[in-house]
1. Pairs needed: first member in segment 47-61, more than 8 Å from the ligand (Cβ to nearest atom); second member anywhere, in a loop (DSSP other than H, G, I, E, B); C-beta distance under 6 Å; at least 6 residues apart or different chains.
2. For segment 19-53, give me each residue that is under 19 Å from residue 9 (Cβ atoms) and touching a helix residue (DSSP H, G or I) at 6+ places or on another chain (Cβ under 7 Å).
3. Step by step: first the residues of segment 4-16, then only those that are out of contact with any helix residue (DSSP H, G or I) (no Cβ under 8 Å at 6 or more places or on another chain) and at negative phi, then the one that is surrounded by the fewest Cβ atoms within 10 Å (Cβ to Cβ). Which residue is that?
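Values quoted throughout were computed directly from the atomic coordinates according to the rules given, and no laboratory measurement underlies them. The structure displayed is predicted, hence computed values, not measured ones. Don't worry about glycine lacking a Cβ; one is built from the backbone with ideal geometry, like all the others, and counts go over all protein chains shown.
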Ligand code: SF4
């Protein structure tokens, strides 16, 4: 499982880094998915972060 943050769309709200800090962190004004692949134990939180993103900037595949 892999998570990708669309840097053009991300508004930097910080929600994904709060919801799933194992995968997302803030870098300047946007979030990045720094864990690749998404660790087994973080997959549910990662999906929640993707669903919770207010601008749908996170793709999970
Ligand atoms: S939740 Fe979405 S908009 Fe907010 S920091 Fe994460 S990727 Fe960016």
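1. Once the first residue is more than 8 Å from the ligand (Cβ to nearest atom) and sits in segment 47-61, its partners that are in a loop (DSSP other than H, G, I, E, B) give 61/2.
2. 19, 20, 23, 24, 25, 26, 31, 48, 49, 52, 53
3. Of everything passing the filter in segment 4-16, 8 is surrounded by the fewest Cβ atoms within 10 Å (Cβ to Cβ).
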